[in-house]
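Notes follow once the structure below has been shown.
The values are calculated or read from the model by the stated rules, or taken from the named source; none is laboratory data. Quick caveat, the model's predicted, so the values are computed rather than measured. Cβ atoms come from the backbone with ideal geometry, glycine included; neighbour counts cover every protein chain shown. Side chains included, ligands, DNA and RNA excluded: accessible areas come from the protein's heavy atoms. Shrake-Rupley method; radii C 1.70, N 1.55, O 1.52, S 1.80 Å.
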Amino acid sequence: MGRLPALGMWLALFGGLTGCAGAEAPVASAAVQPPAAAQAPLQTAITPAAQLSPSAAAAASSAVSGSVSPAPSAPQVAPQVAEQALIDAREAMQKKQWSRLDELVPTARATPLVGSYAQYWALRQRVTNPTLPIPEAELHQFMATNQDAYLADRIKADWIVAAARAGDYATVNRLGPVVNGNASVNCSRLMAQHMTGQAVTEKQAMAAFEPVSACWSLLDQLVEHNVVGWDALQSELRAILETSKTGNAQRMAALMFDGTQMRSYAALMKDARKWLATQKAPATREQRELVTLALSRLARSKDRLEAESYIETNWASAVPRQDMQWVWGQFGLVSALNVEPQAVRWYRRSGNVPMTDYNHAWEVRSELRQTPIDWKQVDRAILKMSAEQQAEPVWVYWRGRAIAAQGDPGTARKFYASLRNELSFYGQLAVEELGEPLSLPPAPAPVTEAEFTQAQANPALQRAIKLFRLGWRPEAVPEWNFALRGMSDRQLRAAAELARYEQIYDRVVNTSLLTKDEIDFSQRFVAPFEGRVTEKARQINLDPAWVYGLIRQESRFITDARSRVGASGLMQLMPATARWVAKKIGMSNFTPSSVNDFDTNTILGTSYLDMVLGQLNGSQLLATAGYNAGPGRPVQWRSKLTGPVEGAVFAETIPFTETRLYVKNVMSNAVYYSMMFSGQSQSLKQRLGTVSPQASRQVALP
């Protein structure tokens, strides 16, 4: 986005969004026109003031001029000059032009609302560079000036990590906790506590652990001082190996094994079968673990049945029973992820050995894919989970199904009833199992004029909005989220309405999702763009509710959204797919740069979705999976079924975590949008349908 006009900047702070999130923007004006019912189908109108009250305007003006400026003596700079300096400062930061950044700070920090960012970037560079001294006086001054603001919390977190790295544990303890912590901060604080004589437990350390530098340093110290023992390290190593992050696994193994044993570890990771051929029955704890790990690696061989036979013949009696059961659990996991029916046989050999939550979940999924389902085995697999995992809605639902299938419908109904207020995939399925129609929650009282005005005057929200206007989503989103802390349901809904007015639709949804008692579906399932998405869908006979459900999951209605793999726009199209579809439908004016254009993206996205639907027998469930993972994948998964399965079973057993969650969310979204658009109850079960086995085939789509 370009610079705001000098005379219009102050008005624009409370006016319409200029280019925010790529949406169609209202024209900035002095009079605020709050969102109305016409913004989207079935949206609840609110009744905020037509303009800020004098007191609210004064509060916002005070926030602009006082709470963010890093120094009272900052030079007087024209707003447009300061803003351009800030834009240049961000570019310098991204290019690591630190001298240039330092030069720009004095001018950039005069930018209303967000000028502190330039100084933060400069300070962060100095704090995180271990070759530079920590500028303590400047950090204290910055934190005091930006008190209770997101950047003060952020620079405090950076300082904690840097101080711990430098061994300045007294400073870490003095700084105390932060609002938005992360693994590096948490491990740095635990390290400071431990190194200054305060008790740190193994449980605390392993709960905080993530494979980042600060946590590795903490673990090194705690292992050396016998705070963290072998069992905890073994459990973590085995869990890491399930993720195939071999570098992290090697780092963990180095805490458990000596130099000679690490050479064995490297050899077994390279070729487990070859290494095992050189080994005798293990005699020590370390040797047993190395052999167990090697046996588990055989699960990744091309012929798992042959590997099983080799283990039975050569090793089963040489390894403790519990370790052998863990090995079979690894065979079950790899087999389940390859959607192989024999996964259940290996899982059943794993007995009651403790496994990761991830592996326990796949044991249940492998049972659900059987035809017919052995519900007693489903129940047994769920009961192997921890109490916390069993309480997750997904396993509450499937446990209810298992109990009902075993002849206890009364107890099953209690499980379903406990999910009645879960406004999600399994909440919907549970309500249907109770024999009740799905319905929308009652609409809460509309946001009032005073509540909306209060949200408009919130300086933290205004900072975030300014960042959204600049197109700086990486900075804007955490600013917005930080502003929401401690808000009541009413305040959250008012903030969501402010986001709707500013056309920052992902913040409408995500903010409204935080409410506990007041459930506003007009926000949670916002349907923006005044029916234009519906129009595009109906032109090719697609269900608009399904399309809206997909967009809500893909991009949260951010028209210029870009994924980590390069997908773009509302419907998150990959560049090659967009070009292919444009050619297929004869879109002669398509250019790669137009993929974020609303009309171009929705035309291409709905056209491609329709093609995928046609290739997958008209199943919205399979087409949703194909849209996310590629249309050939659900064909492969379907080909490995041993008999017909419920759509819910197929969705739950999709082997890609991202696609599994995506499909469940899209299908649940579609049901809610359909109820909102039609005013009638819908059935998720009917929408999911049944999936039957079908031979694998090539799908002529990208």
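For PRO177, neighbours were defined as the other residues whose beta-carbon sits under 14 Å from its Cβ, and their charges (Lys and Arg +1, Asp and Glu -1) total +4.
Sequence-distant contacts, meaning Cα pairs under 8 Å at least 6 residues apart, place the relative contact order of the range 413-535 at 20 percent. The alpha carbon gyration tensor of the range 517-587 gives principal lengths a ≥ b ≥ c with a/c of 1.5 or higher and a/b no greater than b/c, which makes the shape oblate. Note on the range 653-694: Rg/Rh from Cα positions, Kirkwood definition for Rh, rounded to two decimals, is 1.06.
Distance between the pseudo-spin-label points of TRP230 and SER309 (7 Å out from Cα toward the beta carbon): 3.5 nm. The aspartates and glutamates whose alpha-carbon is closer than 16 Å to the alpha-carbon of LYS156, local same-chain residues fewer than 8 away aside, are GLU136, GLU138, ASP148, ASP168, GLU479. Fully extending the segment from SER588 to ARG380, taken as 0.36 nm per residue of separation minus the present Cα-Cα distance, adds 69.1 nm. Summed over the residues of the chain and divided among them, the accessible surface reaches 42 Å² per residue at a probe radius of 1.4 Å. Relative to one another, the C-alpha centroids of the range 103-132 and the range 375-450 are positioned 50 Å apart.
The mean sequence distance of close C-alpha pairs (under 8 Å, at least 6 residues apart), as a share of the length of the chain, puts its relative contact order at 13 percent. Remark: the range 576-692 carries a charge dipole of roughly 300 debye about the Cα centre, counting +1 on each Lys and Arg Cβ and -1 on each Asp and Glu Cβ.
How many percent of the accessible area of the chain is carbon or sulfur, using a 1.4 Å probe? Taking all protein chains in place, the chain shows 51 percent carbon and sulfur surface. Pairs from the table (LYS466/LYS536; LYS280/LYS384; LYS245/LYS274; LYS376/LYS640; LYS583/LYS685; LYS203/LYS280) lying more than 28 angstrom apart at Cα are LYS466/LYS536; LYS280/LYS384; LYS583/LYS685; LYS203/LYS280. When peptides 573-581, 96-104 are sorted by average Cβ neighbour count within 10 Å, with the highest value leading, the order is 573-581, 96-104.
Taking packing as the residue-averaged number of other Cβ atoms within 10 angstrom, the listed peptides 255-261, 413-419 run from highest to lowest as 413-419, 255-261. On full extension, the segment bounded by ALA700 and ASP517 gains 61.1 nm, given 0.36 nm per residue less the C-alpha separation. In terms of packing, defined here as the mean over residues of other Cβ atoms within 10 angstrom, the peptides 488-497, 690-699, 139-148, 341-350 line up highest first as 488-497, 341-350, 139-148, 690-699. Estimated purely from DSSP H runs of n ≥ 4, each contributing -39500 (n - 2.57), the mean residue ellipticity at 222 nm for the chain is -17500 deg cm²/dmol once divided by its residues. FRET efficiency for the ASN481 to GLN287 pair, using the beta carbon distance and R₀ = 35 Å, is estimated at 0.10. Each Lys or Arg adds one and each Asp or Glu subtracts one; over the other residues with Cβ under 10 Å from the Cβ of VAL666, this totals +1.
Cross-link partners of LYS516 among aspartates and glutamates, defined as those whose alpha carbon lies under 19 angstrom from its own and excluding same-chain residues fewer than eight positions apart: GLU392, GLU422, GLU451, ASP489, GLU497, ASP506. Take the alpha-carbon centre of the range 235-249, take the same for the range 475-503, and report the distance between them in whole Å. Centre-to-centre (Cα) distance: 38 Å.
Modelled spin labels at ASP220 and ASN421, positioned 7 Å past Cα toward Cβ, are 4.8 nm from each other.
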